[in-house]
Amino acid sequence: MDHDTPFEPTNDLEVRLLQAQDGTLTAAQFLDGLLTAPVFVLLDKAIGEDGAWDESISPLVLTSESGEPMFAVFTAPERAELWHEQLPQFAHAMPIAVHALLSGIGEGVGLVLNPGLDVGMEMIPDAVAQLKERAAAITRGMAH
């Protein structure tokens, strides 16, 4: 992917991400939308046809400048192409809703949305923990 090419949003999440970056959408509004948005994670093995998670599957986890593990997620499969080229073992893009993904992210792990691209964001582990709480509150609200 050429960094000189303007970022053209391909879905609603990318439109909202651009709005959050230019200030026309608040961080809270973006995060609430992010929780239900589909994102893509790169895996080193395909998920079986039954959809069951195999413990031998590894997702792409990067390291932040401060040394923290950062779970890499992408707003669209084509946003992950750069990483697949650099790390060909991560050949499988799996769509997943962010709220479902959060339940599988351990403590002390951050989240990086569209790593390597200008249109993205990083969430330190504390922010991911807060997002998990936000997701739980929204889920409880839906149940009532």
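Readers should treat all values here as calculations from the given coordinates under stated rules, not as data from a laboratory. Everything numeric here is computed off the predicted structure, so don't read it as measured data. Neighbour counts run over all protein chains shown; Cβ positions are idealised from the backbone, glycine included.
Limiting things to C-alpha atoms, what are the Rg and the maximum Cα-Cα separation (Dmax) for the chain, in angstroms?
15.1, 48
Quick one: what do you get for region 62-144 if you divide its Cα Rg by 2.2 N^0.38 Å?
On the way: Rg = 13.8 Å, N = 83, 2.2 N^0.38 = 11.8 Å.
In units of the globular-protein estimate, region 62-144 measures up at 1.17.
Once you place label points 7 Å from the Cα toward the Cβ at residue 32 and residue 132, how far apart are they in nm?
Between residue 32 and residue 132, the label points sit 2.3 nm apart.
If each residue of separation counts as 0.36 nm, what is the full-extension length gain between residue 11 and residue 86 once their alpha-carbon separation is subtracted? Display every interim value, and only then the final one.
Numbers: separation 75, 0.36 × 75 = 27.00 nm, distance 2.48 nm.
Gain in length upon complete extension: 24.5 nm.
Short version: what are the Cα gyration tensor semi-axes of region 53-93, square root of 5 times each eigenvalue, largest first, in whole Å? Walk me through the intermediate numbers first.
On the way: eigenvalues 58, 46, 20 Å².
Semi-axes (√(5λ), whole Å): 17, 15, 10.
Give or take rounding to whole Å, what are the principal axis extents of the alpha carbon atoms in region 101-144, in descending order?
Here the spans come out as 40, 22, 15 Å, largest first.
If contacts are Cα pairs under 8 angstrom and at least 6 residues apart, what is the relative contact order of region 10-144 in percent?
Numbers: 186 pairs, mean separation 33.3, N = 135.
Relative contact order of region 10-144: 25 percent.
Treat each spin label as a single point 7 Å out from the Cα along the C-beta direction, and report the residue 22 to residue 54 distance in nm.
Result: 4.4 nm between the two label points.
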